[in-house]
Amino acid sequence: MKKIAVITSGGDCPGMNAAIRAVVRVALTYGIEVWGIRNGYAGMIADDMTKLDSRSVGDIIQKGGTFLGTARSEEFRTLKGQQKAADNLQAHGIEGLVVIGGDGSLTGAKQLSGLGIKIIGLPGTIDNDIWGTDYTIGFDTAVNTALDAINKLRDTASAHGRVMLVEVMGRACGWIALTAGLAGGAEIILVPEQPFSSDNICKKLVESRSKGKKYSIIVVAEGAGSAMELGKYISAKTGLETRVSVIGHIQRGGAPTVADRLLASRLAERAVRALVEGRSDIMIGYKNNQCVEVPITDAVGKKKDIDPELYRLADVLSQ
Ligand SMILES: Nc1ncnc2c1ncn2[C@@H]1O[C@H](COP(=O)(O)OP(=O)(O)O)[C@@H](O)[C@H]1O
Ligand SMILES: O=P(O)(O)OC[C@H]1O[C@](O)(COP(=O)(O)O)[C@@H](O)[C@@H]1O
Ligand SMILES: [Mg+2]
């Protein structure tokens, strides 16, 4: 293999830069030329790519976002768009491609592999919603950001004796809510994977007041419903004073944590090694403290669940 490309796609996440840097520097040690594709699949279709060297990926390991840019591309969802993208790669003599992105981006990568491109996926999304890996790049940083918000909201909730609802990201997945909620000592954590009733929540809040709790923290995954609506319902039903914070895209930014920089660097090294050794159509995941190779079809085809043990523990500890 003489020439490969690297791309970041879909929602950005802290650690994407660390992953690009590692792909480039590891590939160079094998004597492989590396090209960077700008702005996700949109840039691949527009033939917007540049050759990367060791210096071009300096001073980025500590930065959130992605210096290559990223995008959500509707055109790439069509076979015509995918063919145009594959043709551009082939015209440049690019033999292998490392795709850093979430479930959507990896689904797109699978399509490209059907058009003759050797692809390796790296799970890059704050949502931690990809099967075959314990953690995705960016998740740890996002959870720490959410935790910081919860800690601050706890101060003011406590001062006023309020019910504080915090809505976190995660699309249809509750990993951010569960992890930040458990670590932040939330009284109630709502995730799309576990059904709940608004009336039971009200009951629990009233009971906990009668048992001496002076304020409450509720963490709501965006996929579980609107924290704003729930806040209104709770105050109407119980008379408790509620406030709602939707922390949004703050969770997507910031310097990647140690865990995310290490994860990104390790997964990226393994991705390049797999290409050099002739393997493709896989995602590099991280299971039980080891890099693992999983078929890309499984990574995008199977559904990752939240850890029921963590959910149970969060409930026990919220008494
Ligand atoms: N089923 C699909 N087929 C082809 N391309 C897809 C598919 N799903 C997503 N993509 C491509 O990947 C991009 C990123 O996917 P998206 O779901 O928005 O983010 P993420 O990769 O972070 O989950 C989309 O904008 C689209 O170009
Ligand atoms: O940045 P956008 O386009 O507003 O999308 C917001 C969505 O992106 C995320 O931050 C990350 O999701 P993806 O990794 O699937 O892109 C979700 O948690 C959130 O629902
Ligand atoms: Mg996604």
> Quick check, is G102 within 16 Å of ligand 2 (Cβ to nearest atom) and in contact with a helix residue (DSSP H, G or I) (Cβ under 9 Å, 6 or more places away or on another chain)?
Replying inline: no
>> Just to verify a result, which residue in the range 28-54, among those that are more than 26 Å from I126 (Cβ to Cβ) and in a helix (DSSP H, G or I), is farthest from ligand 1 (Cβ to nearest atom)?
In response: T29
> Going by the structure shown, is I100 touching a Ser or Thr at 6+ places or on another chain (Cβ under 6 Å) and open to solvent by less than 30 Å² (accessible area, probe 1.4 Å)?
Replying inline: yes
> Could we say that R77 is more than 18 Å from A274 (Cβ to Cβ), basic (K, R), in contact with a helix residue (DSSP H, G or I) (Cβ under 9 Å, 6 or more places away or on another chain) and open to solvent by 40 Å² or more (accessible area, probe 1.4 Å) here?
Replying inline: yes
> Can you tell me which of D155, D199, D127 is at pLDDT 95 or above, open to solvent by 10 Å² or more (accessible area, probe 1.4 Å) and closer than 17 Å to D307 by Cα?
Replying inline: D127
>> Need a quick list: helices (runs of 4 or more DSSP H) entirely within the range 211-319 having at least 1 residues that are farther than 30 Å from G161 by Cβ and not assigned by TED's automatic domain parsing to the domain that holds S158.
In response: 258-276, 296-301, 308-317
>> For the range 240-273, which positions are open to solvent by less than 70 Å² (accessible area, probe 1.4 Å) and among the aliphatic types (A, V, I, L, M)?
In response: L240, V244, I247, A255, A259, L263, A264, L267, A268, A271, V272
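For (1) open to solvent by less than 40 Å² (accessible area, probe 1.4 Å); (2) part of a strand (DSSP E or B), each residue gets a yes or a no:
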{"position": "T66", "(1), (2)": "yes, no"}
{"position": "A71", "(1), (2)": "yes, no"}
{"position": "D87", "(1), (2)": "no, no"}
{"position": "L106", "(1), (2)": "yes, no"}
{"position": "I120", "(1), (2)": "yes, yes"}
>> Considering only residues that are open to solvent by 10 Å² or more (accessible area, probe 1.4 Å), under 21 Å from G253 (Cβ atoms) and in a helix (DSSP H, G or I), which ones fall in the range 158-179?
In response: W175, T179
>> Among the residues that make up the range 135-143, is at least one of them among the aromatic types (F, W, Y), touching a residue at least 40 places away in the same chain (Cβ under 8 Å) and either within 13 Å of ligand 3 (Cβ to nearest atom) or under 18 Å from V300 (Cα atoms) (or both)?
In response: yes
>> Looking only at residues that are open to solvent by 80 Å² or more (accessible area, probe 1.4 Å) and of a type in the set (D, E, K, R) in the range 294-309, which one is nearest to K110 (Cα to Cα)?
In response: K302
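The values are calculated or read from the model by the stated rules, or taken from the named source; none is laboratory data. Since the model is a prediction, treat every value here as computed from it, not as a measurement. We place every Cβ from the backbone using ideal geometry, glycine too, and count neighbours over all the protein chains shown. Heads up: the accessible areas ignore ligands, DNA and RNA and are worked out on the full protein's heavy atoms, side chains in. Shrake-Rupley method; radii C 1.70, N 1.55, O 1.52, S 1.80 Å.
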